[in-house]
Amino acid sequence: MTESGEQQATAPADTAGADTPAAGADPDDGGRDPSVTGTRWERLRPAVGRFALAATSGIVLFLAFAPRQLWWLAPIAFAGFGLALHGRRLWGAAGYGLVFGLAFNLLHLLWIDDFLGAEFGPGPWLALSGVMALYVAVAAGLMSFAGRLPGAPVWLALVFLLQEYARSRWPANGFPWGRIGFSQPEGAYTPLAAIGGAPLVGFAVVTSGFGLAWLVVHLRGLPGLRTRGPQWTGLARTAAYALVPLLAGLVLWPAVGTGAETGHRTVAVVQGNAPNAGIGLLGRRDTIRAGALAEHDRLTTRIDRGEVARPDLVVWPETTVDVVGGRDSEVTAAVDELGVPALVGSLYRTADGRTDNAVVAWRPGDGPGQRYAKQELVPFSEYVPMREIAAWFTPFVGNTQDMRWGDEPGVFDIAGTRVGTAICYEAAYDYPSRDAVHAGARMLVLPTNNAWFGDGEMTYQQLAMARLRAVEHGRAVVVAATSGVSAVVRPDGTVSRQTEMYTADSLVADVPLRETTTLADRFGPWTERVMLGAAVCAVLAGFALRRRPVHTTGRDG
């Protein structure tokens with residue numbers, strides 16, 4: 001029995017045993033003639049079941065992300081989503097995609113309500129979650145075409161990642177938070193980041209998940225365990241979609257480099273802390289600055305007492321200080337007293353009256369000098385598009401001025417080496433860290449100001465991104481957060497040291513310096529571009545096949 005308002009999708013037959021099973025009969029209807037009518041509940045039951053499966057799968061995907069160490073739930077989530085989509089045509093698939101996307105994003109982005117909810121209510125959180133879910137819905141609708149092709153799990157995965165590409169760029173420069181690759185800071189798929197970065201990791205996870213879904217469908221279509229020949233060949237091929245990406249990651253584990261190649265540097269992280277006040281921190285930048293200065297003084301005392309090693313470099317969080325006229329006498333005095341250069345997250349007021357979200361190199365005796373300006377500004381915060389509309393859901397309108405966009409890679413010659421940097425939100429974008437590595441960075445630092453976002457999961461999600469970037473670029477990553485979690489991440493993505501949230505603290509750790517260029521950095525954006533092109537071709541090919549008759553052999557096709 002078909003679902004209300006939907007028709008069965010078709011898939012081309014596979015002469016060797018269908019690895020993309022035709023939907024000549026709905027798995028929900030027990031093989032009954034779809035022309036037979038029944039009670040209202042019997043007509044609605046398949047749709048309700050798929051609705052529940054799509055929602056549950058979205059929740060399972062949320063559980064796969066940090067701070068939970070449940071990376072293996074991600075392919076299971078896509079297995080459930082694939083079963084919900086199997087046999088659906090355009091509008092039905094889009095509807096289940098919307099449900100899946102809402103279930104995931106409402107939970108994954110709940111930290112936005114921690115930030116804005118006290119003043120603006122749940123509107124901003126609900127709106128952003130809804131927009132993200134619409135991208136998934138469009139991708140799911142397009143999957144109804146790509147799923148007609150042989151090797152459907154591969155094409156479906158590519159089409160799903162098509163929406164990640166789109167929403168990372170549009171509108172307002174995109175929102176790449178929650179990409180599937182970021183669910184894998186550890187686990188079997190993680191080494192693939194060194195080959196193709198976050199896009200390849202996401203592709204592997206989603207392919208495995210859809211492969212599991214197609215394997216379940218295929219097994220349900222087999223007449224019995226004694227079946228031999230082409231049907232078992234098709235079964236083995238379908239199983240390969242689920243297993244090959246997983247095994248590829250495991251095989252690559254030994255190739256992930258971790259050792260120092262050009263020595264070590266001892267790096268200190270200053271976490272000054274701030275009150276857990278969400279939007280209440282607006283106008284209280286002096287509080288953040290005072291906390292960082294106080295923790296830097298405590299660190300200096302510990303070093304002088306011999307409690308911790310003297311670092312070669314100190315890293316402060318994002319926008320810790322306001323640098324007006326290129327100076328801050330108290331920060332200069334603190335750096336001079338310790339006698340160690342520092343990278344200080346700063347709101348840097350330029351001579352023309354503009355503001356950079358910058359990392360400034362502060363050297364003993366010289367004060368502030370070279371700086372890196374953030375290239376990916378946060379929409380509706382660091383810059384405000386559509387200001388009249390934005391005033392409904394963001395506090396950053398009023399008399400605020402858009403920050404200036406940076407246009408150069410973040411690299412510093414400091415502490416006797418070359419250090420790359422990306423700032424906070426830039427961890428979600430592929431190119432800032434990659435460009436820094438191409439510019440010669442031997443290690444990476446990620447200053448972030450996460451004090452706004454409460455004690456939810458935002459900081460852990462961001463740390464997971466940093467861990468994946470470490471593997472992608474083969475570089476240690478030092479995360480300096482205002483209120484935690486600050487961390488030192490090894491080049492294999494493991495965390496060697498970290499702080500607690502909403503605690504004034506500091507870290508001192510040896511960091512390996514590396515110069516090997518990973519394949520992910522050599523391929524650069526082309527990995528994602530090739531995947532994008534393949535996804536578009538799959539949709540167009542499936543659309544062209546939409547009216548072709550299907551010749552099936554039993555339920556397998």
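Read-outs throughout are calculated quantities, based only on the coordinates presented, and are distinct from any laboratory measurement. A quick note: this is a predicted structure, and the numbers were derived from the prediction, not measured. Neighbour counts are summed over all protein chains in view; Cβ atoms, including those assigned to glycine, are modelled from backbone coordinates with ideal geometry.
To the nearest 500 deg cm²/dmol, what mean residue ellipticity at 222 nm is calculated for the chain from DSSP H runs of n ≥ 4 alone, each contributing -39,500 (n - 2.57), summed and divided by the residues? Walk me through the intermediate numbers first.
On the way: 15 runs with 240 residues, N = 557.
Mean residue ellipticity, 222 nm, calculated: -14500 deg cm²/dmol.
Order by neighbour count: W177, W405, fewest other Cβ atoms within 10 Å first, most last. Don't skip to the answer; put the middle values down first.
Numbers: W177 22, W405 15.
Least to most surrounded, the residues fall as W405, W177.
Could you tell me the relative contact order of segment 264-512? Use alpha-carbon pairs under 8 Å, at least six residues apart, and round to a whole percent.
Numbers: 599 pairs, mean separation 56.0, N = 249.
Rounded, it is 22 percent for segment 264-512.
Calculate the spin-label point distance for R169 paired with A52, positioning each point 7 Å from the Cα along the beta-carbon direction, and give it in nanometres.
It works out to 4.1 nm between the two label points.
Once Lys and Arg get +1 and Asp and Glu get -1 on their Cβ, which of S486, T421, P46 lies farthest toward the positive end of the dipole of the chain?
Of the options given, the answer is P46.
Using the Cα centre as the reference, give the magnitude of the dipole from point charges on the C-beta atoms of segment 264-512 (Lys, Arg: +1; Asp, Glu: -1; all else neutral), rounded to the nearest 20 debye. Walk me through the intermediate numbers first.
Numbers: 24 positive and 32 negative charges, 55 e Å.
In debye, rounded to 20, segment 264-512 gives about 260.
To the nearest µm²/s, what D does Stokes-Einstein give for segment 264-512 at 37 °C and 0.692 mPa s, using the Kirkwood radius over alpha carbon pairs as Rh? Working shown, then result.
Details: Rh = 17.9 Å.
Once the numbers are plugged in, D ends up at 184 µm²/s.
Would you work out which of S496, G533, A239 lies farthest towards the positive end of the dipole of the chain? Charges go on Cβ: Lys and Arg +1, Asp and Glu -1.
Of the listed residues, the answer is A239.
By how many nm would the segment from A333 to D366 grow when fully extended, if each residue of separation counts as 0.36 nm and the alpha-carbon distance is taken off? Mind showing how you got there, number by number?
Details: separation 33, 0.36 × 33 = 11.88 nm, distance 1.07 nm.
Full extension from A333 to D366 adds 10.8 nm.
Rounded to the nearest 20 Debye, what is the dipole magnitude of the chain about its Cα centre when Lys and Arg each give +1 and Asp and Glu each give -1 at the C-beta?
Once rounded to the nearest 20, the dipole reads 1900 debye.
Report the local net charge at L128: Lys and Arg +1, Asp and Glu -1, summed over other residues whose C-beta lies under 14 Å from its C-beta. Can you show the working numbers first?
Working: positive: R167; negative: D113, D114.
For residues surrounding L128, the net value is -1.
Amide H of V378 versus every other amide H placed in the peptide plane: which residues, excluding those fewer than 5 positions away on the same chain, fall under 5 Å?
Under 5 Å from the amide H of V378 lie the amide H atoms of Y383, each far enough along the sequence or on another chain.
R0 = 35 Å: FRET efficiency of W405 with L107, Cβ-based, nearest 0.05?
Working: r = 32 Å, r/R0 = 0.90.
That gives a FRET efficiency of 0.65.
Which cross-chain or sequence-distant (5 or more) residues have an amide H under 5 Å from the amide H of G151, H modelled 1.01 Å from N in plane?
Residues meeting the criterion, in which the H sits 1.01 Å from N, are D19, T20.
Length gain on complete extension for the stretch R284 to T233, per 0.36 nm per residue less the alpha carbon to alpha carbon distance? Numbers along the way, then the final one.
Values: separation 51, 0.36 × 51 = 18.36 nm, distance 6.55 nm.
Stretched out fully, the R284 to T233 stretch lengthens by 11.8 nm.
Apply the Karplus parameterisation 6.51 cos²θ - 1.76 cosθ + 1.60, with θ equal to phi minus 60°, to every residue of segment 278-292 and state each ³J(HN,Hα) to the nearest whole Hz, in sequence, with x for glycine and proline.
Each residue of segment 278-292 in turn: x, 5, x, 6, 4, x, 10, 5, 4, 5, 5, 4, 5, x, 5 Hz.
Can you give the FRET efficiency to the nearest 0.05 for V244 and C537, using r as the Cβ-Cβ distance and R₀ = 25 Å? All intermediate terms of the calculation are to be shown ahead of the outcome.
Details: r = 21 Å, r/R0 = 0.85.
The formula returns an efficiency of 0.75 here.
In whole Hz, what ³J(HN,Hα) sequence does segment 434-441 give by Karplus (6.51, -1.76, 1.60; θ = phi - 60°), x for Gly and Pro?
With the stated coefficients, segment 434-441 comes to 4, 5, 5, 5, 4, 7, x, 4 Hz.
Enter the mean projected area of the convex hull around the alpha-carbon atoms of the chain, in nm², rounded to one decimal.
Details: hull surface 106.9 nm².
Mean projected area for the chain: 26.7 nm², to one decimal.
Using a 10 Å cut-off around each Cβ, can you sort S144, S329, S486, S381 from fewest to most neighbouring Cβ atoms?
On the way: S144 25, S329 8, S486 30, S381 16.
By the 10 Å Cβ count, ascending, the order reads S329, S381, S144, S486.
Would you work out the relative contact order for the chain, in percent, from Cα pairs under 8 angstrom that are 6 or more residues apart? Walk me through the intermediate numbers first.
Numbers: 1258 pairs, mean separation 101.7, N = 557.
Worked out over the chain, it gives 18 percent.
Net charge near A476: determine it from the other residues with C-beta under 10 Å of the C-beta of A476, scoring Lys and Arg +1 and Asp and Glu -1. Before the final figure, lay out the partial values.
Working: positive: R265, R442, R475, R490, R514; negative: D492, D510.
Local charge sum for A476: +3.
What length, rounded to one decimal in nm, is gained on full extension from A277 through to A118, with 0.36 nm per residue of separation minus their alpha-carbon distance?
Details: separation 159, 0.36 × 159 = 57.24 nm, distance 0.96 nm.
Result: 56.3 nm gained on full extension.
If R₀ is 51 angstrom, what is the calculated FRET efficiency for the pair R305 and R522, using the beta carbon separation as r and rounding to 0.05? Walk me through the numbers before you get to the answer.
Values: r = 46 Å, r/R0 = 0.90.
Rounded to the nearest 0.05, the efficiency is 0.65.
For R418, enumerate residues with amide H under 5 Å from its amide H, sequence gap 5+ or separate chain, H modeled in the peptide plane.
Amide H neighbours of R418, under 5 Å, 5+ apart: R442.
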